[in-house]
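A short worksheet on the structure shown next.
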Amino acid sequence: MSNDLRSLTDVDRLLHEPSRAVIVAILAAVESADFVFLQRETGLTKGNLSAHLTKLEEAGYIKIEKTFRGKYPLTLCKLTETGREAFAAYRKKLSQFVEQTK
Amino acid sequence: MKNNIELAMQRAQGYWFVDGLSEILSGIILALLGTVFFFRAQVQNAGQVFSASNAKDTILILGLSLGMATVVWLKQKITYRRTGYVEPRLENFGARLQKYWKVIALIAGVPFVLILLMLVFPWARAGLFYGMTWIPAAIGFGFGIFMFVQAKQTGLKRFRILCYLDFTLTVMLVLLAGLHNLNHALPAQLFAGPLSGPMPAELAQAMQTNMDYASWLIAILCAGLGLSRLVSGIFTLARYLQANPPVEAGDE
């Protein structure tokens, strides 16, 4: 395997999944976002989104806060500093890979 | 071409503008300011000019504070129930300063250089006289640049259209200011004398004419900017409400 291709093997596997990458990308662009917004933007089912959010929370990449806005339940998701750094490193690695294999 | 990750980030960044409410607010404020400047251009006595100035300040302070609070309240009632809640990410003061220090230095430096030039060179003093009529075009250009940056950051097509409209309006104001200055040229020797001493009556009268005309141009600018933002905002809100029914409680 060439070095160019090998550089992709040590990419963050947790983020190297399209749905999770998009969830983290959205959260990287904002301070926090709720479940409804994430579901609309990703097009995932509630169950799927919940599963991905749980995985990201367990890895310490996001923080989930369950609260209420009036009578409406509000599940707020926020990227942690660890998550932000992991996403920046992931993007850098992907960009390098794309550049090297051009 | 942008990839999916960049598009997702761009969409999230532009979410504040998804419902058109902030455009409606800015449209209303600009339209009100246009009305005040229209009134200012009509009046002559100092009392009325003072009232117009107070009205302008009141609209700016109340519009930005109460208007912003109203937009946030409306978003809670309309937007967050339909398409979810997003808290925008704001950079801290240090990061913003680091990012925009060149623009800040330019904005602070231009008036300083202009004043220096006017103190030294007579032709620059003539520039001050004619400069008043260019101010509305400069403001329009500033709005155009602001919309260009917003369009680039959020990827919203309607912001690009607003940017083109702002630049078109700016060109129109440049032409109007140029025509006015051509028709109101004053003898160059009026600007060649020392800066001290009373201002010649002819020059004072001409400056008043220029200030009135600048008010007209600002009224046109604010009306144009306000109308374009109002139309864009109302159209966006109507489309948004049609496409997004409210999410029932307990849906998440």
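Bear in mind that the values in this text are calculations on the coordinates, not laboratory data. Please read these numbers as outputs of a predicted model, since none were measured by experiment. All Cβ positions, even for glycine, are placed from backbone atoms using ideal geometry, and neighbour counts span all protein chains on display.
Annotations
- Here the contact order of the range A:10-95, divided by its residue count and restricted to Cα pairs under 8 Å and six or more residues apart, works out to 34 percent.
- Computed helical MRE - 222 nm, the protein assembly as shown, DSSP H runs ≥ 4 contributing -39500 (n - 2.57), nearest 500: -24500 deg cm²/dmol
- Placing unit charges on the Cβ atoms of the charged side chains and taking the dipole of chain A about its Cα centre, the candidate lying farthest along the positive direction among A:SER19, A:ALA29, A:TYR72 is A:TYR72.
- HN-Hα J in Hz across the range B:83-88 - Karplus 6.51, -1.76, 1.60, θ = phi - 60°, x for Gly and Pro: 10, x, 9, 9, 9, x
- Size descriptors for the protein assembly as shown (Cα atoms only): Rg and Dmax, in that order, 26.5, 86 Å.
- Additional length obtainable on full extension of the chain from B:ALA138 to B:SER65, 0.36 nm per residue less Cα span: 23.7 nm
- 5 angstrom amide H check on A:LEU74, placed H, neighbours 5+ away: A:THR67, A:PHE68, A:ARG69
- Contact order relative to length of the range B:9-243, as percent, for alpha carbon pairs under 8 angstrom and 6 or more apart: 43 percent
- Taking the C-alpha atoms of chain A, convex hull volume expressed per residue in Å³: 106 Å³
- Computed FRET value (nearest 0.05) for B:ALA95 with B:ALA243, which takes r as the C-beta separation and R₀ as 51 Å: 0.90
- The mean count of C-beta atoms from other chains within 10 Å of the C-beta of residues in B:6-18, rounded to a whole number, is 4.
- Positive-end residue, the range B:9-243 charge dipole about Cα centroid, Cβ charges, pick of B:LEU60, B:ALA137, B:SER215: B:LEU60
- Equivalent ellipsoid semi-axes, the range B:41-137, via Cα gyration tensor eigenvalues times 5, rooted, Å: 39, 25, 10
- Between A:GLU58 and A:LEU8, full extension at 0.36 nm per residue minus the direct alpha carbon distance yields a gain of 15.6 nm.
- Distance in nm between pseudo-label sites at B:THR209 and A:PHE68 (7 Å out along the Cβ direction from Cα): 7.0 nm
- Among complete DSSP H helices in chain B, those whose alpha-carbon atoms stretch at least 15 Å along the helix's long axis and whose mean Kyte-Doolittle hydropathy reaches -1.0 are B:21-42, B:46-74, B:93-120, B:122-154, B:157-183, B:201-243.
- Distant-in-sequence amide contacts of A:SER32, defined by a placed amide H-H separation under 5 Å and a gap of 5 or more residues or a different chain, comprise B:GLU87.
- Cross-link partners of A:LYS93 among aspartates and glutamates, defined as those whose alpha carbon lies under 18 angstrom from its own and excluding same-chain residues fewer than eight positions apart: A:ASP4, A:ASP10, A:ASP12, A:GLU17, A:GLU85, B:GLU6.
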